[in-house]
1. In the range 268-297, how many residues are farther than 18 Å from ARG240 by Cα and either in a strand (DSSP E or B) or β-branched (Val, Ile, Thr) (or both)?
2. Look at LYS260 and say whether it is of a type outside the set (Gly, Ala, Ser), outside any helix (DSSP H, G or I) and touching a strand residue (DSSP E or B) at 6+ places or on another chain (Cβ under 9 Å).
3. Quick check on the range 246-255. Is at least one of its residues free of Cβ contacts under 8 Å to residues at least 24 places away in the same chain and outside any helix (DSSP H, G or I)?
4. Over 30 Å from PHE289 (Cα atoms) and in contact with a Phe, Trp or Tyr (Cβ under 6 Å, 6 or more places away or on another chain): which single residue out of GLU74, GLU40 fits that description?
5. Sort through GLU284, GLU295 and tell me the only one that's closer than 23 Å to ILE104 by Cα and among the charged types (D, E, K, R).
6. Does LEU206 qualify as being within 29 Å of LYS300 (Cα to Cα) and either at pLDDT 90 or above or crowded, with 22+ Cβ neighbours inside 10 Å (or both)?
7. Every residue in the range 321-356 that is of a type outside the set (A, V, I, L, M), outside any loop (DSSP other than H, G, I, E, B) and either over 30 Å from the mean Cα position of the chain (by Cα) or within 21 Å of MET200 (Cα to Cα) (or both), please.
8. Count, please, the residues in the range 211-238 that happen to be over 19 Å from ILE185 (Cβ atoms), among the small types (Gly, Ala, Ser) and at pLDDT below 85.
Amino acid sequence: MSKDQQKSALSESGNKPASGNVSPESAKKIRNFRKNKFSEQDLLKDLLNGNKTALSRGITLIESNQPAHRNQAEFLIEGALPYAHKSMRIGITGVPGVGKSTFIESFGSYLIEKGKKVAVLAVDPSSSVSHGSILGDKTRMENLVTKPNAFIRPSPSGDSLGGVARKTRESILLCEAAGFNVILIETVGVGQSETTVHSMTDFFLLLKLAGAGDELQGIKRGIVEMADAIVINKADGENRKAARDAKLEFRRALQLYPAKESEWKPEVKLCSAIYNEGVEDIWEMISDFKSKVDENGYFKHNRLEQNKFWLYQTVNDHLKSRFYEKPEIRAALKEQLELIENNKTTAFAAAKYLLSLA
């Protein structure tokens, strides 16, 4: 509908004399648009029908820090729950520059060709100075974003631990309720978010680069112990030999780690996301993993453990929010910060005093 038609419809609704002819139905739609046209019931209905616009609106609601949006967000989550939990959740991490976005575009496109519906929850780092975020994943995944069965949602990391958006778990549920059966969760890759991502995914994929000097360094990190697979990306051109050498190193290293509770033995794969090489092999590996953990019962067990972790995290988030929302806490916090600046109290004493007011 053009702007002239909108003006005409608004005129029919009693604002100004109409300058054109618009049907009563169109005028009603315009009036609803002027108001908050989506109730949470309408939003949930559209979301369950797979409407990507409704899904985006829903995630915006649950990410909102506005107290007025909290009840709407809770209604959406509760309504989505019976339709969720029917996906494969894959966490993807790696240092900046390893090619996570390129890999996700190649991998996601392949899955869509296989008949999957793919949602990508990409966490963008927020500036510690301006608190802004570029949210550029949609521009980096220019091919994937055009596919009808793909949904890409970049979210600012804010002050969340290690760059994982605070409401990522709830976003996963909404994506599942909207019919997406593969959820890819990309982390910032700053080295602190892996534990959090591991707590909300079924399969944890670590992307590495050959020849970056971190093969042996990476072996020392706990992240390798958490990984269900290591993928050496950019294994093409002159980098092929270095990638094959890195693959052997990681394979030897993984043999030193204790067996996983899932009974799965982590594998090391080569991939060239830019040339779409090795992507099919990676999905076959994940499918083998899924078959194994379904058979031995670990998949269901892991989901239950995720829910327990989610319970604690939700309680912590609510307690923190309620604490800082109290007017007396906000006023006392300002006073205590001034006392700290003037060296009249310590951080521990100030915290003890603030907690006594809760």
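1. Qualifying residue count, the range 268-297: 2.
2. Details: of a type outside the set (Gly, Ala, Ser): yes; outside any helix (DSSP H, G or I): yes; touching a strand residue (DSSP E or B) at 6+ places or on another chain (Cβ under 9 Å): no.
No, not satisfied.
3. Within the range 246-255 (the criterion being free of Cβ contacts under 8 Å to residues at least 24 places away in the same chain and outside any helix (DSSP H, G or I)), the answer is yes, since at least one residue qualifies.
4. On the way: GLU74 fails: in contact with a Phe, Trp or Tyr (Cβ under 6 Å, 6 or more places away or on another chain).
After ruling out the rest, the residue left standing is GLU40.
5. Numbers: GLU295 fails: closer than 23 Å to ILE104 by Cα.
Checking each option against the conditions leaves just GLU284.
6. Values: within 29 Å of LYS300 (Cα to Cα): yes; either at pLDDT 90 or above or crowded, with 22+ Cβ neighbours inside 10 Å (or both): yes.
In short, yes.
7. Initial filter on the range 321-356 (of a type outside the set (A, V, I, L, M)): 321-328, 330, 334-336, 338, 341-346, 348, 352-353, 356.
Narrowing further to those that are outside any loop (DSSP other than H, G, I, E, B): 321-325, 327-328, 330, 334-336, 338, 341, 348, 352-353, 356.
Within the range 321-356, PRO327, GLU328, ARG330, LYS334, GLU335, GLN336, GLU338, GLU341, PHE348, LYS352, TYR353, SER356 meet the criteria.
8. 4
The values are calculated or read from the model by the stated rules, or taken from the named source; none is laboratory data. Bear in mind the structure is a predicted one, so any value in this text is a computation, not a measurement. Because the Cβ atoms are built from the backbone with ideal geometry, glycine has one as well, and the counts that use them run over all protein chains shown.
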